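Participant: Got a structure for you, questions after.
We did not get these values from a lab; they are worked out from the coordinates using the rules stated. No experiment lies behind these values; they were computed from the predicted model shown. Cβ placement follows ideal geometry from the backbone for every residue including glycine, while neighbour counts extend to all protein chains displayed.
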Ligand code: SF4
Ligand code: SF4
């Protein structure tokens, strides 16, 4: 038998959490009138369990756990097409980003491997100022215990100059460190 989700009135805690998410994302979910323009333009909605429109609807209905546990928030590529297309000015891309951070804070991540990839990517940007593909692959494979995953792609990519075995560092690493420090201060890392 399929699980049934019951929708009831929002508790005070739910209301506070939604307000916090909206504030952090800088957007208002109640502006959304469910036209679906965001989902129609999203390049990865085909792979999502809930389309961007449905993620907003979950929040409007107070189904916060479902939204935080959705795989969609990790599949989102932050391309911002949805935010650009929304006739009501809802910043869905920012909301997706906010939901990812909240899911991490609450240890409520649908796909742990994606969260680990996200962490590996951010760590390399923090350290070198840009992504370091070989380092991300190594960290991700070790932390997910998939030691040889995608290993066959590494050498051809290096031969074609698409990935380097060593990290490349940008000049403005101090500025990058300051950006990460500010994000941490604002609770956005
Ligand atoms: S485009 Fe905007 S108004 Fe339309 S469903 Fe998406 S968020 Fe809602
Ligand atoms: S920002 Fe995310 S949800 Fe929005 S269109 Fe791009 S991939 Fe889809």
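Participant: How far is helix 112-128 tilted off the main Cα axis of the chain, in degrees rounded to 10, range 0 to 90?
Facilitator: Rounded to the nearest ten degrees, it is 50.
Participant: Which angle between 0 and 90 degrees, to the nearest 10, do you get for helix 92-105 versus the longest principal axis of the chain when only C-alpha atoms count?
Facilitator: That helix lies at roughly 80 degrees to the long axis.
Participant: Between the range 88-118 and the range 24-56, what is the separation of their alpha carbon centroids in Å?
Facilitator: Taking the Cα centre of each part, the range 88-118 and the range 24-56 sit 14 Å apart.
Participant: Using a Förster distance of 35 angstrom, determine the FRET efficiency expected from the C-beta separation of residue 147 and residue 19, and round it to 0.05.
Facilitator: Here the calculated transfer efficiency is 0.20.
Participant: Classify the range 1-117 from the C-alpha gyration tensor, please: rounded if a/c falls under 1.5, else prolate or oblate depending on whether a/b exceeds b/c.
Facilitator: Cα axes put the range 1-117 in the rounded bin.
Participant: While we're looking at this one, here's another question. Hey, with R₀ at 30 Å, roughly what FRET efficiency would residue 60 and residue 183 work out to, going by the Cβ-Cβ distance, to 0.05?
Facilitator: Computed FRET efficiency for residue 60 and residue 183: 0.60.
Participant: Show that you can apply the helix-only estimate: for the chain, add -39,500 (n - 2.57) for every DSSP H stretch of four or more residues, divide by all residues, and state [θ] at 222 nm to the nearest 500.
Facilitator: After summing the helix terms and dividing by residue count, I get -16000 deg cm²/dmol.
Participant: Oh, and also: Quickly work out the residue 35-to-residue 114 label distance, labels modelled 7 Å from Cα along the C-beta direction, and quote it in nm with one decimal.
Facilitator: 2.7
Participant: So, one more: Round to the nearest 10 and give me the degree value, 0 to 90, for the angle of helix 12-25's Cα axis relative to the longest principal axis of the chain.
Facilitator: Around 50 degrees separate the two axes.
Participant: Sorted by average packing, counted as other Cβ atoms within 10 angstrom per residue and highest first, what order do 147-158, 53-64, 98-109 take?
Facilitator: 53-64, 98-109, 147-158
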